[in-house]
Amino acid sequence: PTMAHSQALLVLENFIGGKFVPCSSYIDSYNPSTGDVYCRVPDSGKEEVEAAVKAAKDAFPIWSSKSPLERSQILNKLAGLIEHDLEAFAQAESKDQGKTITFARTVDIPRAVHNFRFFASSILHHVTECTEMPAMGCVHYTSRAPVGVAGLISPWNLPLYLLTWKIAPAIACGNTVVAKPSEMTSVTAWMMCKLLEKAGVPPGVVNVVFGTGAKAGEALVCHPDVPLISFTGSTLTAQRITERSAPHCKRLSLELGGKNPAIIFDDADLSQCIPTTVRSSFANQGEICLCTSRIFVQRGIYSEFLKRFVAEAKKWKTGNPSDPTVDVGALISKEHLEKVRNYVKKAQAEGARVLCGEGVDPLALPPGNQKGYFMLPTVIAEVKDESCCMQEEIFGPVTCVVAFDTEEEVIKRANGVKYGLAATVWSSNVGRVHRVAHRLQSGLVWTNCWLVRDLNLPFGGMKASGIGREGAKDSYEFFTEVKTITIKH
C-alpha cells in the first residue's frame with residue numbers, strides 16, 4: 001500500500017470500563033474483497049482481559065440491582081441508536097467480513113437491532129415458580145439472580161448479529177460482560193461501543209477486548225472471576241474451552257458447527273424448494289452454521305432437481321460486495337478460501353462431479369477485486385457419504401447433491417455425521433414431514449422453508465454441534481442462577 005493508504009488505516013482500541021484504551025501491540029485485519037490490510041486490531045492478552053474483568057466486576061453490583069424495566073429501557077435505546085446508524089454499520093460489516101452489502105443491510109444489522117429489542121421485551125415477561133405443601137405448612141418458591149461476569153466469544157461469519165445475540169440476554173438479565181469478537185471482524189463491535197454511553201449503559205457493564213482466541217480468548221476462559229462462557233465457533237476450539245474452564249467449573253453454552261442436510265422428497269414443490277435451497281446453500285458465501293451442505297434428493301426427481309438447481313446457482317452473481325446486485329461476496333480470508341477450495345479438489349480426486357463453480361466456470365471480477373478471496377457457488381454430485389466433503393463442515397459456497405430411494409434410508413444417512421445442528425425437509429405430505437422431523441438428530445428442523453426464526457424458541461445443536469440452547473427462556477436460564485426458597489408458616 002502507498003504511504004497515504006497506510007495512514008488511512010483504521011486503528012481499533014479496546015473498550016474497558018466505559019473508555020477506549022490503546023493496546024501495546026496490534027494485528028492486521030484484511031478487507032477480504034481486495035486482499036489489502038485495512039484495519040489494525042488490538043492483540044490483547046492477559047493484562048487487558050484482567051482490566052476488563054475488573055471493570056465488569058466493579059460494575060456488577062449497580063447494574064444487577066437495577067430493575068428489569070430500567071435495563072429494558074437502556075437496551076431499547078441502544079437498539080434505536082444502532083438502527084439510526086444502520087447504513088454505516090452495514091457498510092462496515094460488508095467491508096470487514098466480505099459479505100454483500102445487501103446481506104448486511106437486510107440480515108446482519110437489522111437482526112442485531114432486533115436482538116436488543118427482543119431481550120429488552122422478554123426480560124419483562126419471565127415468571128418464577130411457586131409450590132405449596134399445606135400438610136407440611138410450607139411454601140416453596142424460586143428466585144433468579146444474574147450470575148456475574150459473562151465471557152462472550154463470537155465468530156467472524158455474522159459478527160455483530162452473533163455478538164449482540166449474546167450481549168443482549170447477558171446484560172438484560174443483569175450480568176456484566178467481557179466480550180471478545182473475532183480478530184478478523186472487530187469493527188462493528190468497536191462501533192457499537194461508541195454508542196453505549198449515549199444509550200445509558202453504565203461504564204464497565206459491557207467491555208470489549210479485541211484479539212486472538214489463543215491469547216485474549218484463552219485469558220478470558222481461564223479467568224477465575226468469569227463464571228460463565230458463551231461461545232460460538234468451531235468444535236475444535238470448544239473442546240479447548242471445555243478443558244480450560246473445567247478446573248473452574250464454569251457454565252458453558254457452546255454453539256458449534258453443522259453439516260446440515262436438506263432432504264427433498266419427490267412430492268416437494270420444486271418452484272419453492274429450488275430457490276430456497278440455493279439460498280440455504282450459498283447465503284453469506286455459505287458461511288453460516290445453518291447452511292445446507294448435503295442435499296439428498298429422491299431418485300425420481302434427482303436429475304430434474306440437479307439440472308434446475310445448477311441453473312439457479314449459476315445465476316448468482318459473485319463480485320464486489322458493495323455492489324447491491326451481487327449475491328456472493330468474498331470469503332473471510334486467504335487461508336479459508338484455500339481450505340474450501342481443497343475440499344472441492346478432494347471431491348474431484350475421489351471421482352465426484354463438480355457441476356458448476358470452482359474450477360468449472362470462469363470467475364470474472366472487477367479490477368479492484370482481483371486479489372480478493374472469491375469463489376463461485378459450487379455444486380458437487382456423486383459424492384460418497386463417507387467422503388470428507390459429506391462429513392466435515394466446509395463453511396463455504398459448496399454443496400453436495402446425492403440421490404436416495406427410501407425415507408428410512410435417507411434418515412439414516414442424514415444422521416450419519418458427527419454434527420446435528422439444522423436440517424430442512426421438503427415434502428407436501430404432512431405426515432411424512434412430521435415423521436422425518438422427529439427422527440432427525442438435529443436441534444432445528446425447517447420444513448418447506450429455511451432460516452425462519454422465532455427468538456422465543458430454543459436455538460442450538462445436538463452431538464458435536466454444541467451444548468445448551470439460546471432463546472428467550474433458554475438464554476434467561478443460562479444467564480441467571482436459580483435458587484429455591486422454602487418458607488414454613
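Of the residues VAL177, VAL187, VAL208, which is modelled with pLDDT of 95 or more, among the hydrophobic types (A, V, I, L, M, F, W, C), open to solvent by less than 10 Å² (accessible area, probe 1.4 Å) and out of contact with any Cys (no Cβ under 7 Å at 6 or more places or on another chain)?
VAL177 is the lone residue from the list that is modelled with pLDDT of 95 or more, among the hydrophobic types (A, V, I, L, M, F, W, C), open to solvent by less than 10 Å² (accessible area, probe 1.4 Å) and out of contact with any Cys (no Cβ under 7 Å at 6 or more places or on another chain).
Regarding GLY368, is this residue in contact (Cβ under 8 Å) with a residue 40 or more places away in the chain, loosely packed, with under 15 Cβ neighbours inside 10 Å, in the same structural domain as ILE295 (by the TED database) and closer than 24 Å to SER29 by Cβ?
For GLY368, the condition - in contact (Cβ under 8 Å) with a residue 40 or more places away in the chain, loosely packed, with under 15 Cβ neighbours inside 10 Å, in the same structural domain as ILE295 (by the TED database) and closer than 24 Å to SER29 by Cβ - is met.
Mind checking which pairs have a first residue in the range 346-357 that is more than 14 Å from PRO377 (Cα to Cα) and assigned by the TED database to the domain that holds LEU376 and a second that is open to solvent by 20 Å² or more (accessible area, probe 1.4 Å) and among the basic types (Lys, Arg), Cβ under 8 Å, 6 or more apart or different chains?
That search, which allows pairs on different chains as well, returns GLU350/LYS384; ALA352/LYS384.
Identify, please: which residue in the range 211-251 is assigned to a loop (DSSP other than H, G, I, E, B) and within 15 Å of LYS54 (Cα to Cα) and is, among those, most open to solvent (accessible area, probe 1.4 Å)? Give the derivation first.
As a first pass, look at the range 211-251 and keep what is assigned to a loop (DSSP other than H, G, I, E, B): 211-212, 223-227, 233-234, 249-250.
Next, only the ones that are within 15 Å of LYS54 (Cα to Cα) stay: 223-227.
On the way: HIS223: 15, PRO224: 92, ASP225: 60, VAL226: 0, PRO227: 46 Å².
For the range 211-251, the residue satisfying everything is PRO224.
Given the conditions (1) in a helix (DSSP H, G or I); (2) surrounded by fewer than 21 Cβ atoms within 10 Å (Cβ to Cβ); (3) touching a residue at least 40 places away in the same chain (Cβ under 8 Å), report the number of the one that GLU338 does not fulfil.
If we test GLU338 against (1) in a helix (DSSP H, G or I); (2) surrounded by fewer than 21 Cβ atoms within 10 Å (Cβ to Cβ); (3) touching a residue at least 40 places away in the same chain (Cβ under 8 Å), just (3) comes out false.
Within the range 110-164, can you find the residues that are aliphatic (A, V, I, L, M) and open to solvent by 40 Å² or more (accessible area, probe 1.4 Å)? Working first, answer last.
Pass one, the range 110-164, residues aliphatic (A, V, I, L, M): 112-113, 120, 123-124, 127, 133, 135-136, 139, 145, 147, 149-150, 152-153, 158, 160, 162-163.
Within the range 110-164, LEU124, VAL127, MET133, ALA135, MET136, ALA145 meet the criteria.
Identify all residues within the range 413-450 that are among the small types (Gly, Ala, Ser) and open to solvent by less than 40 Å² (accessible area, probe 1.4 Å); write none if there are none.
ALA414, GLY420, ALA422, ALA423, SER427, GLY431, ALA437, SER442, GLY443
For the range 273-298, which positions are β-branched (Val, Ile, Thr) and not in a helix (DSSP H, G or I)?
Across the range 273-298, the qualifying residues are ILE288, THR292, ILE295, VAL297.
So which helices (runs of 4 or more DSSP H) are wholly in the range 1-98 and hold at least 3 residues that are within 30 Å of LEU124 (Cβ to Cβ) and either open to solvent by 40 Å² or more (accessible area, probe 1.4 Å) or touching a residue at least 24 places away in the same chain (Cβ under 8 Å) (or both)?
46-64, 68-84, 86-97
For the range 137-190, which positions are under 18 Å from PRO61 (Cα atoms), assigned to a strand (DSSP E or B) and of a type in the set (Val, Ile, Thr)?
Matches in the range 137-190: VAL149, THR176, VAL177, VAL178.
Please go through the range 207-229 and give me each residue that is over 13 Å from SER186 (Cβ atoms) and polar (S, T, N, Q), ordered by number.
The one that is over 13 Å from SER186 (Cβ atoms) and polar (S, T, N, Q): ASN207.
Look through VAL433, VAL482 and report the one residue that is farther than 20 Å from LEU163 by Cβ, assigned by the TED database to the domain that holds GLY151 and either free of Cβ contacts under 8 Å to residues at least 24 places away in the same chain or aliphatic (A, V, I, L, M) (or both).
That would be VAL482, the only listed residue that is farther than 20 Å from LEU163 by Cβ, assigned by the TED database to the domain that holds GLY151 and either free of Cβ contacts under 8 Å to residues at least 24 places away in the same chain or aliphatic (A, V, I, L, M) (or both).
Among the residues of the range 273-288, which ones are open to solvent by less than 20 Å² (accessible area, probe 1.4 Å) and under 20 Å from the mean Cα position of the chain (by Cα)?
Scanning the range 273-288 gives THR277, VAL278, SER280, SER281, PHE282, ALA283, ASN284, GLN285, GLY286, GLU287, ILE288.
Could you pull out the residue among ALA330, ALA349 that is small (Gly, Ala, Ser) and exposed (fewer than 15 other Cβ atoms within 10 Å of the Cβ)?
ALA349
Being crowded, with 24+ Cβ neighbours inside 10 Å and either at positive phi or touching a residue at least 24 places away in the same chain (Cβ under 8 Å) (or both) narrows it down to one residue among LEU270, LEU256; which is it?
It is LEU256.
The values are calculated or read from the model by the stated rules, or taken from the named source; none is laboratory data. Everything numeric in this text was worked out from a predicted model, so none of it was measured. Note: ideal-geometry Cβ built from the backbone for every residue, glycine included; neighbour counts use all protein chains shown. Protein only, heavy atoms only, side chains kept; ligands, DNA and RNA dropped before computing areas. Shrake-Rupley method; radii C 1.70, N 1.55, O 1.52, S 1.80 Å.
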